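Structure, as structure tokens:
Please treat every number below as a calculation from the coordinates, not as lab data. Since the model is a prediction, treat every value here as computed from it, not as a measurement. Neighbour counts run over all protein chains shown; Cβ positions are idealised from the backbone, glycine included.
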Amino acid sequence: MNLESTQSNETEQVLVVGAGPVGLWVAAELALAGVPTLVVERAVERSPHSKAMGVHPRTVEVLAMRGVEKEFLAEGGRVPTWHFGMLDNRLDLRELDTPYPFLLSIPQLRTEQLFERRALDLGVRILRGHGVTGLTQDDSAVTVELDGPDGPYALTARYVVGADGAGSTVRKAAGVDFPGSDATTFGYVGEVVLDDPPVPPVISAHNTDGALITVPLGGGRFRIAGLDSVRQGRDDGFTFEDLRATTTRVAGSDFGMRDPGWLSRFGNTTRIAATYRKGRVLLAGDAAHMHFPAGGVGLNVGVQDAMNLGWKLAAQVQGRAAPGLLDSYHDERHPVGLELAEHTLAQTALIGAATPEQRELRKLVNDLVGSVPQLNRALADKLSGLDVAYPGTHPLVGKRFPAAAEHLHRGRPVLLTDLEEAADLAARLGFETAGGPGAVVVRPDGHVWWAADEADTEADVLAGLTALGTTF
């Protein structure tokens with residue numbers, strides 16, 4: 001592929017950079033709305049290692065909104081409790097207000113395979129072995145420089161979505177600041193076979209030497225992740241012998257570990273992009289927020305970024321968006337990224353508690369999580385993504401509405417009402433309609449967009465629908 005021939009090609013509508021879960025999901029959302037979308041990925045092949053293992057309840061709700069949850073539910077293991085900061089007392093997910101009150105244990109590798117299949121089925125084009133090296137933009141388009149199997153080339157896109165990870169080339173090339181803090185604490189992860197696994201198989205352990213959690217992967221393999229206080233001052237990698245030694249020190253046994261697979265070390269560098277949108281460039285997932293992987297929330301927040309962005313960007317590209325709709329992506333998701341950074345830093349502090357004062361604080365928080373149901377529920381809501389609500393002028397606006405999931409499969413908003421004229425107008429606007437008391441509009445991402453007050457007349461409802469300003 002040469003530079004000249006590529007530059008003569010037609011402008012892409014949207015270029016998504018990164019074929020991880022976030023990039024694939026936003027591409028699928030765009031394609032569902034009828035926007036031709038190209039995904040480029042620097043890696044030639046998908047990594048066999050799964051950075052993430054947990055699909056949280058809100059993400060399962062997202063899958064259900066598109067009617068693709070069944071395969072995930074069939075393949076994933078259902079985990080009824082989860083940890084916060086590797087505390088001994090766990091968060092009870094079973095009482096959460098959701099059709100899916102559990103964490104779904106499924107490797108990121110499999111999640112990516114299922115997301116890619118959906119994207120391809122919807123017509124998304126994916127190019128592997130094509131890495132972005134730079135970009136420039138003007139008022140009408142973005143020119144993207146890439147390096148592919150045949151050498152460097154360029155293409156033009158109306159919009160670019162950077163879903164290319166924490167080291168995002170897109171973010172850097174767009175000149176988006178990435179403020180935050182450098183790593184002060186380092187964790188590790190290892191995947192091994194355990195011949196004498198713990199009972200129950202998911203355990204948390206903590207002492208002055210560090211902390212760890214075990215998660216079964218199936219077939220006798222386990223993931224062990226944690227923090228090793230002994231190794232905090234070292235930066236010489238992480239070996240199988242290191243994993244065996246730290247597991248023995250912290251848990252009292254190596255559980256008969258053998259056959260190591262993936263071994264990695266990581267820090268608690270925490271950064272949030274100053275803006276999720278800069279002109280025609282948008283950021284999602286780790287490209288927008290970098291944090292210690294505590295609680296397994298990163299993939300989930302990224303997929304929810306993609307769900308929020310997809311329908312808005314599609315409306316913008318197709319010329320049917322209300323003014324400010326695309327800007328609302330930053331307005332709604334940036335605060336979620338900031339809160340993600342805050343609670344992962346808090347968890348890191350609990351995981352790494354080593355001094356007598358820190359250990360007493362950890363003990364206090366652990367006791368409260370085990371004895372105050374309201375606190376347990378609040379933290380469970382936070383980690384599961386169920387507590388996310390966007391600002392609105394009506395008590396319902398911005399809140400999630402999982403009961404509408406079956407009406408959202410086509411990626412269009414749904415009006416729930418028994419008012420005939422309102423339903424007719426909604427249909428003309430391209431909305432789905434379904435029966436229900438009052439009048440509530442649920443966005444394509446499952447959050448309430450507009451709701452009538454109790455005293456509103458049908459004329460008020462018609463005016464409210466028209467004022468949304470976006471058609472489908």
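Computed quantities for the displayed model
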item	result
Between helix 298-317 and the chain: long-axis angle, C-alpha atoms, 0 to 90°, nearest 10	10 degrees
Using alpha-carbon coordinates, inclination of helix 240-251 to the longest axis of the chain, degrees	80 degrees
Shape of the chain, Cα gyration tensor, a/c cut at 1.5	oblate
Crossing angle, helix 21-32 versus the chain [Cα axis fit, 0-90 degrees, rounded to tens]	20 degrees
Vicinal HN-Hα couplings computed from phi for region 328-333 (Karplus, 6.51 cos²θ - 1.76 cosθ + 1.60; Hz; Gly/Pro x)	5, 4, 4, 4, 8, 8
Gain in span if fully extended, ASP195 to ALA74, counting 0.36 nm per residue against the direct Cα distance	40.9 nm
Whole-Å distance, taken between Cα centres, linking region 401-421 and region 172-206	39 Å
Whole-number D in µm²/s for region 186-267 (Stokes-Einstein; Kirkwood sum over Cα pairs; 20 °C, 1.002 mPa s)	173 µm²/s
FRET efficiency for GLU339 and ALA455, using Cβ-Cβ distance with R0 set to 45 Å, rounded to 0.05	0.85
Alpha-carbon centroid distance for the pair region 350-393 / region 41-79, whole angstrom	25 Å
Burial ordering of PHE84, PHE266, PHE255, fewest other beta-carbon atoms within 10 Å first	PHE266, PHE255, PHE84
Estimated dipole of region 186-267 in Debye, rounded to 20 [Cβ of Lys and Arg +1, of Asp and Glu -1, Cα centre]	140 debye
Cβ-derived FRET efficiency at R0 30 Å, ALA274 paired with PHE240, nearest 0.05	0.15
Relative contact order %, the chain, counting alpha carbon pairs below 8 Å whose residues are six or more apart	18 percent
Residue-averaged [θ]222 nm for the chain, counting only DSSP H segments that reach four residues, each worth -39500 (n - 2.57)	-10500 deg cm²/dmol
Dipole magnitude of the chain, debye to nearest 20 (Cβ charges: Lys/Arg +1, Asp/Glu -1, about Cα centre)	760 debye
Under-21-angstrom lysine pairs by C-alpha in the chain, whenever the two are 8 or more apart or on separate chains	6
